[in-house]
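Each value in this text was obtained by applying a stated rule to the coordinates, not by laboratory testing. This is a predicted model, so every value here is computed, not measured. Please note: Cβ atoms are built from the backbone with ideal geometry, for glycine as well, and neighbour counts cover all protein chains shown.
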């Protein structure tokens, strides 16, 4: 009988180097809000999304690609960019057929690390596109790393809960032995029916609530409202 | 009203650098088995315990201090050392009045990092001495870092559960806002009544079970059977 591929969860980008990911697909998870917004833009017809780490790169890449540029700090659009990081800013009526260049802190950092460590494949995931992510992972039959983007490398619960939600759906297809996956699955099982209440206790919810982003965050934890698979190749995210 | 001191939980030594610990007491947690064994030795009358990171240091320090030397790899006593890392090896009849030099991997590394980052104070904790740890932390009224030693920097559940157990007891005395503390407290609340069953699902239990160390591990998760406070100063752990 063929051994099932492995699945590991890493709780911070700062721990990715502990794993050999050359034979793994890495799922970049940044629920609040990068990978939710990426799902929104691609689901609503964006041609591609280009994640970049610096504001300067965002501006110059935006010009080169004649693209929409996006980035926020402290709840405000960054000077020199056009839009923010909210999924609500990218309805089909606006983003269809366009390229989005987006600068985020945590999510982009993890994509870069996964690229540097030569992951076999990189996709992004959040609750709005959870089914697309799970279907892809099961179909690929390769090892999986569920990579939580965390917050400045500090553990966060929203990414962990998403990892747990994925594990719950696909655990039968993988060999799962790490404590972080066990914990993530248990935390999700504990809160799957009160996610919207429990999430209000997390540090990131409180941080973003100060900028009145509650509706954004509710969207980010809603399953399957942006059924799309963002596949990362050569610096670009496109519908897989 | 005076602000309560803060309490944070770090899930891996690899994340300690994210925190300014110069005003904090760091609790080194290595439930399986370093900080459990340290509690056993000091509770049973060892004069001091000297944790060192290498086997060579263990041997030379053992000679200098005329001490008992201890260290294991893969369930066997390391060549050149006298004893293993099991708490059961240090009953009062053997260890009273003696110095123990012990080499461990995960726990020692975290002690070293906390020292390098100039923690205000360092103590060690595990279930056997949980009350002594909690009483000390409440009495000190200083900021606290609950530092999980993890396994080769990878998240583990036994250390997290201990952090959660501490948080449950002393949460009213601290300001606790980080998601890792929230998670640890929830995982402990979920399993405090079936700890001995749940712990069998963890990676470390499975790893050490291969060396028939189940009785050791049961001891390590038993509360308050070694009521002692191991206080670390200038490289030495002594009864506080």
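Ignoring everything except DSSP H segments at least 4 long, calculate the 222 nm mean residue ellipticity for chain B; use -39,500 (n - 2.57) per segment, divide by total residues, nearest 500. Could you put the intermediate results ahead of the total?
Numbers: 10 runs with 92 residues, N = 240.
-11000 deg cm²/dmol, from helical runs alone.
Put the label 7 Å from Cα along Cα→Cβ for residue A:74; what are its distances to the other copies, in nanometres, shortest first?
For residue A:74, the other copies' label points sit at 5.6 nm, shortest first.
How long are the three semi-axes of the equivalent ellipsoid for the stretch A:1-103, computed from the Cα gyration tensor as the root of 5 times each eigenvalue, in whole Å, largest first?
On the way: eigenvalues 178, 54, 34 Å².
Semi-axes from the Cα gyration tensor: 30, 16, 13 Å.
Taking neighbour Cβ counts within 10 Å as the exposure measure, how do A:191, B:193 sort from fewest upward?
On the way: A:191 19, B:193 9.
In order of increasing Cβ crowding within 10 Å: B:193, A:191.
Among bridges DSSP assigns within the protein assembly as shown, what percent are antiparallel (round to 5)?
On the way: 20 of 72 bridges.
Here the share of antiparallel DSSP bridges comes out near 30 percent.
Seen from all sides and averaged, what is the projected area of the convex hull of the Cα atoms in the stretch A:7-239, in nm²?
On the way: hull surface 45.0 nm².
So the Cα hull casts an average projection of 11.2 nm².
Considering only DSSP beta bridges whose two residues both sit in chain A, what percent are antiparallel, to the nearest 5? Numbers along the way, then the final one.
Details: 10 of 36 bridges.
In chain A, approximately 30 percent of DSSP beta bridges are antiparallel ones.
I need B:239, A:48 ordered by Cβ neighbour count within 10 Å, fewest first.
Result, fewest neighbours first: B:239, A:48.
Find, to one decimal place in angstroms, the Kirkwood hydrodynamic radius of the stretch A:88-141, where the mean of 1/r is taken over every pair of different Cα atoms and then inverted.
It is 13.6 Å.
Express in nm, to one decimal, how much length is gained between residue A:190 and residue A:4 on full extension, taking 0.36 nm for each residue of separation and deducting their alpha carbon distance. If you can, show how the numbers build up before the last one.
Details: separation 186, 0.36 × 186 = 66.96 nm, distance 2.65 nm.
Length difference between fully extended and current span is 64.3 nm.
Helix A:55-65 sits at what angle to the longest principal axis of chain A, using alpha carbons and giving 0 to 90 degrees rounded to 10?
Around 80 degrees separate the two axes.
Shortest first, in nm, what separates the label point of residue A:56 from those of the same position in the other copies (7 Å along Cα→Cβ)?
Residue A:56 label point versus its equivalents elsewhere: 4.4 nm.
Evaluate peptide A:149-155: per residue, the Cβ atoms of other protein chains within 10 Å of its Cβ; return the mean as an integer.
Numbers: counts 0, 4, 3, 1, 4, 9, 14.
Taking the mean over all residues of the peptide, I get 5.
Treating the angle as unsigned and between 0 and 90°, give the value, to the nearest 10°, between the Cα long axis of helix B:34-43 and the longest Cα principal axis of chain B.
80
Just to confirm the numbers: residue A:223, label point 7 angstrom along the Cα-Cβ line, distances to the other copies in nm, shortest first?
3.5
Grab the Cα-Cα distance for residue B:207 and residue B:64, subtract it from 0.36 nm times how many residues apart they are, and report the gain in nm with one decimal. Kindly include the intermediate steps, with their values, before the conclusion.
Numbers: separation 143, 0.36 × 143 = 51.48 nm, distance 3.38 nm.
Length gained, residue B:207 through residue B:64: 48.1 nm.
Using a ≥ b ≥ c from the Cα gyration tensor of the stretch A:178-235 (square roots of the eigenvalues), is it rounded, prolate or oblate, where a/c under 1.5 gives rounded and otherwise the larger of a/b and b/c decides, a/b for prolate?
Details: a/c = 1.67, a/b = 1.07, b/c = 1.55.
It is oblate, given that a/c is not under 1.5 and a/b is not larger than b/c.
Looking only at other chains, what is the average number of their beta-carbon atoms within 10 angstrom of each beta-carbon in A:46-58?
On the way: counts 0, 0, 0, 0, 0, 0, 0, 0, 0, 0, 0, 0, 0.
The mean count of partner-chain Cβ atoms within 10 Å per residue comes to 0.
Highest mean first, what order results for B:85-95, B:121-131, B:205-215 on Cβ atoms within 10 Å? Before the final figure, lay out each step's value.
Details: B:85-95: 18.9, B:121-131: 24.8, B:205-215: 14.0.
Highest-to-lowest ranking by the protection proxy: B:121-131, B:85-95, B:205-215.
Got a sec? How would B:68, A:101, B:31 order by Cβ neighbour count within 10 Å, fewest to most? If you can, show how the numbers build up before the last one.
Details: B:68 21, A:101 25, B:31 28.
Sorted ascending by nearby Cβ count, the order is B:68, A:101, B:31.
Run the paramagnetic zone check for residue B:116: 7 angstrom along Cα to Cβ, then residues of the stretch B:14-35 with backbone nitrogen under 13 Å.
Under 13 Å, as judged by backbone N against the label point of residue B:116, lie B:14-18 of the stretch B:14-35.
Please work out the C-alpha center-to-center distance from the stretch B:168-240 to the stretch A:161-221 and express it in whole Å.
For the stretch B:168-240 versus the stretch A:161-221, the Cα centre distance is 24 Å.
Could you state the orientation-averaged shadow area of the convex hull built on the Cα atoms of the protein assembly as shown, in nm² to one decimal? Could you put the intermediate results ahead of the total?
Details: hull surface 95.2 nm².
So the Cα hull casts an average projection of 23.8 nm².
Report, to the nearest 10°, how far helix A:157-170 tilts away from the longest principal axis of the Cα atoms in chain A, using its own Cα long axis and a range of 0 to 90°.
In chain A, helix A:157-170 runs at an angle near 50 degrees to the longest axis.
Would the stretch B:147-207 count as rounded, prolate or oblate if I go by the C-alpha gyration tensor, calling it rounded below 1.5 in a/c and otherwise prolate when a/b exceeds b/c, oblate otherwise? Mind showing how you got there, number by number?
Numbers: a/c = 2.70, a/b = 1.45, b/c = 1.85.
Oblate is the answer for the stretch B:147-207, as a/c is 1.5 or above yet b/c matches or exceeds a/b.
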